[in-house]
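Pasting a structure below so you can have a look.
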Amino acid sequence: LSRAYKSKTSSPCLRAEASPDLSLTTNTAAVATRQERPGDEAFRLLVESVKDYAIFMLDPAGVVTTWNRGAERLKGYRPVEIIGKHFSTFYPDDEVAAGKPDRELEIASAEGRYEEEGWRVRKDGSLFWASVIITAVYDQDATLRGFAKVTRDLTERRRAEQERIELAHAQEAIRVRDEFLSIASHELRTPLNALLLHASALEILLRRVFANQADANGLFDKAVNIGKQGRRLEELIGKLLDVSRLSTGRLSVTPQLVDLVKILEDVIATYLPEAERSGCVVRLSAPPSVRGFWDPLRLGQVVTNLLSNALKFGRRNPIDIAVQVDGNTVQIAVRDRGIGIAPEEQLRIFQRFERGMSPASYGGLGLGLYIVERLAQAHGGSVRVESIVGEGSTFTVELPIVADAGERIANLSTVPEP
Amino acid sequence: MTHHDHQEIVLIVEDDVETAKALAELLSLESFDSIIVENGQEAMAMLRTGRRPCLILLDIMMPGMDGWELRDAVLSDPGLSTIPIVLVTADTAAFGKAATLSVPIIRKPVDAGQLLDEVRRFC
């Protein structure tokens, strides 16, 4: 190889012309001048045929002297196009301007090798993320003969790594937000619980003190209303907590044998005063009993959210709740005759913090339907909406009727075994 | 609390002092006396003095020894294991566990009527 390295003073152009078909590892001029040992040819062919790594030699000044197939594939140059050119061609302009290529050779000659990952430029100008090793090559007299350069394209790996990092950041951000939500709702609830107890005590005291005074009814109402509004606030905070649990997978569903119709009747009963205020009549049409394994609390939450929505958007028209058993599934349909939901809104309303209406016209956080859908799914069911703007909406929850608790509890419950 | 219409006393275990005081005041309206402790360790210390409450109103989410751990400690002490316990919590996740263990549970925010009914049942 000696001649190849000695020729570093010759013009790169001449060198390229002198060996026009250099698809070889070594300079043909060099090969031609000496006796080739059998191992040399095998090694030359080996390096030449490597496709996944660019393997090539630089002379001591950094001029490309050999070029393998991998180098051609990676960087896009054919041997005639690049042999004789300075290797700084492979670096982005700003790095060339900063003297990076020469510095790398300096380090390699001082320390024996230089290794890094960085951006490199292909023939077509595109960038790739390269793993580069530059090894200084010395002859027997310890004279620097040049550098062996091995380059790998790690663009894909880097992209995958970047995506992994971004995903991890996103997940961490969600975790932090949900943890905040969880702590905030707990902290907000604590004084509210005390406040509601005081409101109850106030009501009891007022009724006791003013027991026989007809004109004291206004006082009782005030105490009752403090409690009512406090409970509304509590419910909203509870929804925030549920949402944070839903998204961190900590919401537990504990099925037990319950009568769905009984749960519906209970929920409707608790909503009678509110229904009266909003001017809606709530009608239930259901078989006498539908028994199955569901989480009564979560089922109540599903019905509560649908019914409170119907009351909110129902425009003083009757609300019909219908229960229908169809084979192994039960459908609970809550129908209002209110403002309705535009088709383009109908998917969006099941997402977190999304609302069909502007917050200015109707209150709420936009969490109710999100919770309904997640709870229905946790029971192996689903929810869908049919709606016509101006005519009203029907939300239908479909749940499997599970007659045997065993497997479902094992799968869904996050409550530890006692 | 200084009412003596009932001989017995309710032990309120609740880490939020304001909530505990509000519970005690509500109970006092129906002439139930109560003692407030802020955590599981204090509760065990009080119970071991020998004063036996007619009922333990037990918050679940407490720092240190939580409500479930206190319940276990009470149940495993032969002198205390027959004291009735009613859980009071906003943690909906606790409801399933309470149901499987048949422990009475009151949901926060506490409904005054329900609370007083439970207390009357035991005291």
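Are any residues in the stretch B:112-123 buried (at least 16 other Cβ atoms within 10 Å of the Cβ) and either without any contact (Cβ under 8 Å) to a residue 60 or more places away in the chain or of a type outside the set (Gly, Ala, Ser) (or both), and if so, which ones? Quick ask: steps written out before the conclusion?
Narrowing the stretch B:112-123 to residues buried (at least 16 other Cβ atoms within 10 Å of the Cβ): B:112, B:115-116, B:118-119, B:122-123.
Within the stretch B:112-123, B:Leu115, B:Leu116, B:Glu118, B:Val119, B:Phe122, B:Cys123 qualify.
Considering each residue of the stretch A:181-203, count those that are in contact (Cβ under 8 Å) with a residue 24 or more places away in the chain and either within 47 Å of the chain's Cα centre (by Cα) or within 7 Å of chain B (Cβ to nearest Cβ) (or both), and give that number.
Of the residues in that region, 13 qualify.
Could you list all residues from the stretch A:292-325 that are part of a strand (DSSP E or B), in contact (Cβ under 8 Å) with a residue 60 or more places away in the chain and more than 14 Å from chain B (Cβ to nearest Cβ)?
Within the stretch A:292-325, A:Gly292, A:Val323, A:Val325 meet the criteria.
Check off (1) buried (at least 16 other Cβ atoms within 10 Å of the Cβ); (2) out of contact with any Pro (no Cβ under 6 Å at 6 or more places or on another chain) for B:Gly64 and give me the number that stays unchecked.
Exception for B:Gly64: condition (1).
Residue-by-condition table, conditions (1) closer than 22 Å to A:Ser244 by Cα; (2) away from chain A (no Cβ under 14 Å); (3) aliphatic (A, V, I, L, M):
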| residue | (1), (2), (3) |
| --- | --- |
| B:Glu38 | no, no, no |
| B:Met44 | no, yes, yes |
| B:Leu47 | no, yes, yes |
| B:Cys54 | no, yes, no |
| B:Trp68 | no, no, no |
| B:Ala73 | no, yes, yes |
| B:Pro104 | no, yes, no |
| B:Arg107 | yes, no, no |
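Among the residues of the stretch A:295-342, write down those that are among the charged types (D, E, K, R) and at pLDDT 90 or above.
Answer for the stretch A:295-342, where residues must be among the charged types (D, E, K, R) and at pLDDT 90 or above: A:Arg316, A:Asp320, A:Asp326, A:Arg335, A:Asp336, A:Arg337.
Additional query: Of all residues in the stretch A:211-238, which are not aliphatic (A, V, I, L, M) and not in a helix (DSSP H, G or I)? Reasoning before the result, please.
We begin by selecting, within the stretch A:211-238, every residue not aliphatic (A, V, I, L, M); these are A:212-213, A:215, A:217-218, A:220-222, A:225, A:227-232, A:234-235, A:238.
Residues satisfying the conditions are A:Asn212, A:Gln213.
Another question about this same structure. If I go through the stretch B:23-72 residue by residue, how many of them are touching a strand residue (DSSP E or B) at 6+ places or on another chain (Cβ under 8 Å) and of a type in the set (Lys, Arg)?
Number satisfying all stated conditions: 2.
Among what's in the stretch A:229-246 and is within 8 Å of chain B (Cβ to nearest Cβ) and more than 17 Å from A:Ile183 (Cβ to Cβ), pick the residue that is surrounded by the fewest Cβ atoms within 10 Å (Cβ to Cβ).
This residue is A:Arg231.
Looking only at the stretch A:239-271, count how many residues are farther than 19 Å from B:Ala98 by Cα, in a loop (DSSP other than H, G, I, E, B) and at pLDDT 75 or above.
Here the count works out to 1.
Within the stretch B:40-61, track down each residue that is of a type outside the set (Asp, Glu) and surrounded by 20 or more Cβ atoms within 10 Å (Cβ to Cβ).
B:Gly40, B:Ala43, B:Leu47, B:Pro53, B:Leu55, B:Ile56, B:Leu57, B:Leu58, B:Ile60
Right, something else. Exactly one condition in (1) surrounded by fewer than 12 Cβ atoms within 10 Å (Cβ to Cβ); (2) within 14 Å of another protein chain (Cβ to nearest Cβ); (3) not hydroxyl-bearing (Ser, Thr, Tyr) is false for A:Asp141; which is it?
(2)
Another question about this same structure. When you look at A:Leu206, is it assigned to a helix (DSSP H, G or I) and within 14 Å of chain B (Cβ to nearest Cβ), yes or no?
Working: assigned to a helix (DSSP H, G or I): yes; within 14 Å of chain B (Cβ to nearest Cβ): yes.
So A:Leu206 passes the test.
Tell me which residues, restricted to the stretch A:278-316, are exposed (fewer than 15 other Cβ atoms within 10 Å of the Cβ) and out of contact with any Ser or Thr (no Cβ under 8 Å at 6 or more places or on another chain).
Passing the criteria: A:Gly279, A:Val281, A:Arg283, A:Leu284, A:Ser285, A:Pro287, A:Pro288, A:Ser289, A:Arg291.
Report whether or not A:Glu265 is away from chain B (no Cβ under 14 Å), surrounded by fewer than 16 Cβ atoms within 10 Å (Cβ to Cβ), out of contact with any Cys (no Cβ under 8 Å at 6 or more places or on another chain) and more than 30 Å from A:Leu188 (Cα to Cα).
When the stated conditions are applied, A:Glu265 passes them.
Could you check, for the stretch A:214-224, whether at least one of its residues is of a type outside the set (Gly, Ala, Ser) and within 14 Å of another protein chain (Cβ to nearest Cβ)?
Checked the stretch A:214-224: at least one residue is of a type outside the set (Gly, Ala, Ser) and within 14 Å of another protein chain (Cβ to nearest Cβ).
Against the conditions (1) more than 13 Å from chain A (Cβ to nearest Cβ); (2) at pLDDT below 95; (3) in contact with a Phe, Trp or Tyr (Cβ under 7 Å, 6 or more places away or on another chain); (4) closer than 30 Å to A:Pro255 by Cβ, where does B:Pro84 fall short? Just the number, please.
(2)
I would also like to ask the following. May I ask you to list the residues in the stretch A:79-100 that are closer than 20 Å to A:Asn68 by Cβ and not in a strand (DSSP E or B)?
Narrowing the stretch A:79-100 to residues closer than 20 Å to A:Asn68 by Cβ: A:79-91.
A:Pro79, A:Val80, A:Glu81, A:Ile82, A:Ile83, A:Gly84, A:Lys85, A:Phe87, A:Ser88, A:Thr89, A:Phe90, A:Tyr91 - these are the residues of the stretch A:79-100 that are closer than 20 Å to A:Asn68 by Cβ and not in a strand (DSSP E or B).
Can you tell me which residue is nearest to the chain's Cα centre (by Cα) among those in the stretch B:6-45 that are in a loop (DSSP other than H, G, I, E, B) and acidic (Asp, Glu)?
Going through the qualifying residues, I end up with B:Glu14.
The values are calculated or read from the model by the stated rules, or taken from the named source; none is laboratory data. Everything quoted here is computed from the prediction, not taken from an experiment. Heads up, the Cβs are rebuilt from the backbone with ideal geometry, glycines too, and the neighbour counts pull from every protein chain shown.
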